[in-house]
Every structure is written in structure tokens, then in C-alpha cells.
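Take a look at the structure set out below.
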Amino acid sequence: MKKLKVAVIGAGVIGKMHIANLAKGISGAELVAVASPSIAKHQEWLSGQGVANQFADYKEMLTTVEVDAVCICSATTTHLEIVKHVATLGKAMFCEKPLDVDYHRSKEIAEIAKQAGVPFQVGFNRRFDTQFRQLHQVVSSGEIGTPQVVKITSREAELPPRGALKTAGNVFIDIHVHDFDMAQHLMGDTIERVYVEGGAIADPSRADEEGFVDTTVITLKFGRGGVGVIDCSLLAVYGHDQLAEVLGSKGLAKIHNTTPTTVETFTEDGVKRDKPHFSCLDRYPASYASELTAFVDCVMNNKPIPVGAKECLNAERVALAADISYREQRPVYVREVN
């Protein structure tokens, strides 16, 4: 049976997650090569994953190795250049979110992929998480009636390194774009207006750092009248806190955190149980594999891509509106981002 020959560009944290999943075996796929500008420092790890074809230059990789699809996991600001090149080769693409930190460049990426006529999936992995997927199914089935309110908690266990957001735009476009996508996905509606309160509250010493906001509460107004709230923190010392609920006209549906184990110990000193997983890589490992499995299936069997550039642009636009709201301290209509 023919397999989809996949090459990965980028060997950072997310790149390594996708590389490891492909190396372990994604149904219908074969990992054939990896490219990274810093390939030298990844060679030992990549060899341990069985990656024989390693390149510093992705263009050299794509002219040297037979490739059907490319997984783009490089720095966000490099996506446009890479998508332009890969599109000329007619290869299917899986691209990590966001498309770019600049909305105009993101729109250009979307248009390039459209004109190339190639499958183009964006890495919103939470859509492929079992809990979030089941929550969406309950809401979209009409079981709880018309969605009225969505509430999302999105908290990281530790602050990102200083300067990490400088090339990633800001916290809204780099991290909370996941939450904006999920809020719209669960409500089956687009966000019309956003208002943000917050600041460098967990670590005030980083208040002047570009793109850094560690604590926010974000209120949302949807096009059909629904409302939402997302409370976000980059420092929740007890773990990766990911909760969601939707209130509808006929009831409520919600999901809770997952933990490494479900063991609870009851003694006279109290009750002990596991904390939530520490990071998104611990919380969502299966979802990263599932999104690649879906991508491969769509490419191999000519099926519609489940989440593409359109959905990413919708989430990015909200993220950029949220950034304006935070900086200008006012409600912002998403249509202001154009």
C-alpha cells in the first residue's frame, strides 16, 4: 500500500512532537526527511528517531528527497517564505498555527495555498482532542439547545522564557489563538467583538517586554448574540489548566482537566490526587497524532481538510483585535482588523 511521504521543516518543540509521531507510525504516512537551520544540534536526537535524511536547508531537502507532503513547524515568521516555495512544487502542506504574526502575510499564505490547489491544514490540535471533540459533538447535535455562553479556562504551568514572544507576535496570536478558534468552533459562530483586561500580573518585572501579557480576562460577543469569556494565565503553578463549558437553552456541557492518573488517596491527613498535566505536550499527545492522521487521510483519499487557512484567519483576526483591545483599553470589533 502506497504511503504519503512526509518531510518536516523545523525541529523545535512542536516539530519534535510531529517528528516523533511520524517516526512511531502515523497510519498511511512515512517520515522521509527533516530540515532545520540548526540541524547540527538535533542530529543525535533525529538519528535516534530513525531519520536518515537530515538537512539544514529545506529547499535542498525538497530537491533531494522524494516528498509528497510537508509539515511546516518552523518559526512563525518563516511560514510565508516556505509556503511560497512548497506551493510551487505542488506539495500538500500541514502548517502550524498561526500562519503569521502579521494578518496581511497570513492572508497571503491563505491565498497562495488556495491558488496552488493543494491540501492545506492548520495545526489546531485541540479540535482533535477526545474531550474537546466530544464537547463539540454534544453542542452541535443540539442536545443542549441553542448555545448561549461559552467559558474557557486557558492556563499554562510556567512562564515562557524571556523574549520568547518577541518573534511570535504576542500572547494573543501565539497562544490564545487556540482559545479563539475553540470558542468559535464550540459556538458554531464567529466572534464579532472582543474586550480584554489584564497585564503582567504574575510577573510585573516583565511589563515592558514586547508582546508579554501573563494574565487576562477576555470577553466575547458572537455574531448571533451569544457571549463568552476566556480567562488566561501563563502561570498556574499546579499545571496545564484547560477547561471549557457551553451553556445552551436546554442545558450545559463541560469538560474537565485530565491528569496523569485517576488515583485518589484518602487518609486522615486529607485527600490526594494528581495535579493536571504540566504542559500542552503532556495534555494533548494523542491530539497531535490525530491531527496528522486526519491530514494524511484527507490527502491520500481526496477528502476535505478538517481545519484550514479560513479557520485560522478567523482566529487570528480575533487575536489581533484582542491585542488592540488590550493596548487601547476598549472593546474592539473584529471587523476593525482588515
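The values are calculated or read from the model by the stated rules, or taken from the named source; none is laboratory data. As the structure is a computational prediction, the values presented were derived from the model and not from experiment. Neighbour counts run over all protein chains shown; Cβ positions are idealised from the backbone, glycine included. Surface areas here come from the heavy atoms of the whole protein model, side chains and all, with no ligands, DNA or RNA. Shrake-Rupley method; radii C 1.70, N 1.55, O 1.52, S 1.80 Å.
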Quiz item: So what is the calculated 222 nm ellipticity per residue for the chain, using -39500 (n - 2.57) for each DSSP H run with n of 4 or more, over all residues, to the nearest 500 deg cm²/dmol?
Solution: -10500 deg cm²/dmol
Exercise. Could you tell me what fraction of 2.2 N^0.38 Å the Cα radius of gyration of the stretch 257-338 comes to, as a two-decimal ratio?
Key: 1.76
Quiz item: What number comes out for the charge environment of I218, summing +1 per Lys or Arg and -1 per Asp or Glu over other residues with Cβ under 12 Å away?
Solution: -1
Quiz item: Helix 177-187: angle to the longest alpha-carbon principal axis of the chain, degrees 0 to 90, nearest 10?
Solution: 70 degrees
Quiz item: Counting only the heavy atoms of the protein chains, how much of M300 is accessible to a 1.4 Å probe, in Å² to the nearest 10?
Solution: 70 Å²
Exercise. Calculate what fraction, in whole %, of the accessible area of the stretch 43-192 sits on carbon and sulfur atoms when a 1.4 Å probe is rolled over the protein chains.
Key: 45 percent
Self-check item: Extension gain, K272 back to T190 (0.36 nm per residue minus Cα-Cα distance, nm)
Solution: 25.4 nm
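Residues with beta-carbon under 13 Å from that of F278, excluding F278: net charge, scoring Lys, Arg +1 and Asp, Glu -1?
Numbers: positive: R155, K275, R283; negative: E156, E158, D241, D274, D282.
My count for the surroundings of F278 gives -2.
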Quiz item: Can you list residues whose amide H is under 5 Å from C71's amide H, if they're 5+ apart or on another chain and H is modeled 1.01 Å from N?
Solution: A7, V8, I9, F94
Exercise. Mind scanning K2/K59; K91/K303; K16/K166; K3/K24 and naming the pairs with a C-alpha gap bigger than 20 Å?
Key: K2/K59; K16/K166
Quiz item: Which ³J(HN,Hα) values, rounded to whole Hz and listed in residue order, are derived for the stretch 34-39 from phi using the Karplus coefficients 6.51, -1.76 and 1.60 in 6.51 cos²θ - 1.76 cosθ + 1.60 with θ = phi - 60°, glycine and proline given as x?
Solution: 9, 10, 7, x, 9, 4
Quiz item: For the Cα atoms of the chain, what angle does the longest principal axis make with the long axis of helix 285-301, in degrees from 0 to 90, nearest 10?
Solution: 50 degrees
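What do you get when you divide the Cα radius of gyration of the stretch 210-254 by 2.2 N^0.38 Å, with N the number of residues?
Computed over Cα atoms of the stretch 210-254, the ratio equals 1.48.
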